[in-house]
Amino acid sequence: MVNSGDGFLEKTRPKNSRLEVLNCVASDTLKVEILGYQGLTGIKNPQVAEAIFYANQTGMQLKQVKITLNAGEVQIEAGSLQYMHGHIQGETRVGGVAGFGKAMLNKFLANESLFIPRYRGTGSMYLEPSFSHFLVYYLNNEEIIADKGLFYCADGALEVGVAMQKNVSSALFGGEGLFQTKVKGTGVCVFELPVPVEEVRCIHLNNETLSVDGNFALMRTGRIEFSVEKSAKNVFGTLTSGEMLLQTFRGTGKVWLAPTQGIYQALDAGGIGGLGVAPKSSNTQT
């Protein structure tokens, strides 16, 4: 893994640029940068001015993913590309009947695009700007199981597919559905998160158990076993504890949690008034 900018285009930015690099991860052939706009100033009418004012005051930052290829390959979510320049060629792999069937699974089971476009060559690519939150992660011969819709873009060497829940409890009561997205191999991957990266907690398990009340677990490494279990060993204990069913993760690896996800959902649904008392359950939705 290489974190230097050697061999890449656009090494400098104009002094008056309002862009800043929030995060950067690179390999020999691909570099991913999360760019942040330092305030928006393109005001044309009072309505836009009001929206920009509150966005700037509350710290909302417009972000954009930049991908730089050095004889490399990248795969991105369909519709995410804004523009690119250099010597880059795009393609959409079908792979015959088997490939089409796999693409259909990704679309209807894992909520991913029917076909994930691939681009290879040398140059720069900019994806659509948004107020989303992005996690850049380097997989080192490992596997990540992520919630549906979190995959955003990845090194072309990575395998992106569908992971099926391995037991009935996680499929029926886990809140994640029967299928999730699987990313496997070695390379850089970007995930679009429901909360800022700074609010995500990565729990490292060493042959341990993690129990979560709610479905705010975003991702896990492939060796972690996921199931849904009662919070107590017997029915009476479960009823008196008030927790009922818990998402349970066992093994050795990592689990990424978004503890504040439920707060944002509550604010979006009913404002801040409903948060005067601590919630008795996370009960988040993905």
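The values are calculated or read from the model by the stated rules, or taken from the named source; none is laboratory data. Note that the coordinates shown come from a computational prediction; the quantities given were computed from them, not determined experimentally. All Cβ positions, glycine included, derive from the backbone under ideal geometry; neighbour counts span all protein chains shown.
Pull up the stretch 221-236, narrow it to residues that are closer than 9 Å to residue 249 by Cα and either part of a loop (DSSP other than H, G, I, E, B) or of a type in the set (Val, Ile, Thr) (or both), then point me to the one that is modelled with the lowest pLDDT.
Step one: filter the stretch 221-236 for residues closer than 9 Å to residue 249 by Cα, giving 224-228.
Then keep just the ones that are either part of a loop (DSSP other than H, G, I, E, B) or of a type in the set (Val, Ile, Thr) (or both); that gives 224, 228.
Numbers: 224: 94, 228: 86.
It comes out as 228.
Hey, can you tell me all the residues within the stretch 91-140 that are among the polar types (S, T, N, Q), over 19 Å from residue 184 (Cα atoms) and either in a strand (DSSP E or B) or modelled with pLDDT under 55 (or both)? So that I can check it myself, show each step before the final result.
Of the stretch 91-140, the ones among the polar types (S, T, N, Q) are 92, 106, 111, 113, 122, 124, 130, 132, 140.
Then keep just the ones that are over 19 Å from residue 184 (Cα atoms); that gives 92, 122, 124, 130, 132.
122, 124, 130, listed by residue number.
Does residue 183 count as crowded, with 18+ Cβ neighbours inside 10 Å, modelled with pLDDT of 95 or more and not aromatic (Phe, Trp, Tyr)? Break it down into steps so the answer makes sense when it comes.
On the way: crowded, with 18+ Cβ neighbours inside 10 Å: yes; modelled with pLDDT of 95 or more: yes; not aromatic (Phe, Trp, Tyr): yes.
It is true that residue 183 is crowded, with 18+ Cβ neighbours inside 10 Å, modelled with pLDDT of 95 or more and not aromatic (Phe, Trp, Tyr).
Scan the stretch 35-57 and give yes if some residue there is under 22 Å from the mean Cα position of the chain (by Cα), at pLDDT 85 or above, aliphatic (A, V, I, L, M) and surrounded by 15 or more Cβ atoms within 10 Å (Cβ to Cβ), otherwise no. Outline the logic, then answer.
Taking the stretch 35-57 as the starting set, the residues that turn out to be under 22 Å from the mean Cα position of the chain (by Cα) are 35-37.
Next, only the ones that are at pLDDT 85 or above stay: 35-37.
Still in the running and aliphatic (A, V, I, L, M): 35.
Next, from what is left, pick out any that are surrounded by 15 or more Cβ atoms within 10 Å (Cβ to Cβ): 35.
Yes, the stretch 35-57 contains a residue that is under 22 Å from the mean Cα position of the chain (by Cα), at pLDDT 85 or above, aliphatic (A, V, I, L, M) and surrounded by 15 or more Cβ atoms within 10 Å (Cβ to Cβ).
Examine the stretch 148-159 for a residue that is touching a Pro at 6+ places or on another chain (Cβ under 7 Å) and modelled with pLDDT of 95 or more, and state whether such a residue exists.
Residues of the stretch 148-159 touching a Pro at 6+ places or on another chain (Cβ under 7 Å): none.
No; the residues of the stretch 148-159 include none that is touching a Pro at 6+ places or on another chain (Cβ under 7 Å) and modelled with pLDDT of 95 or more.
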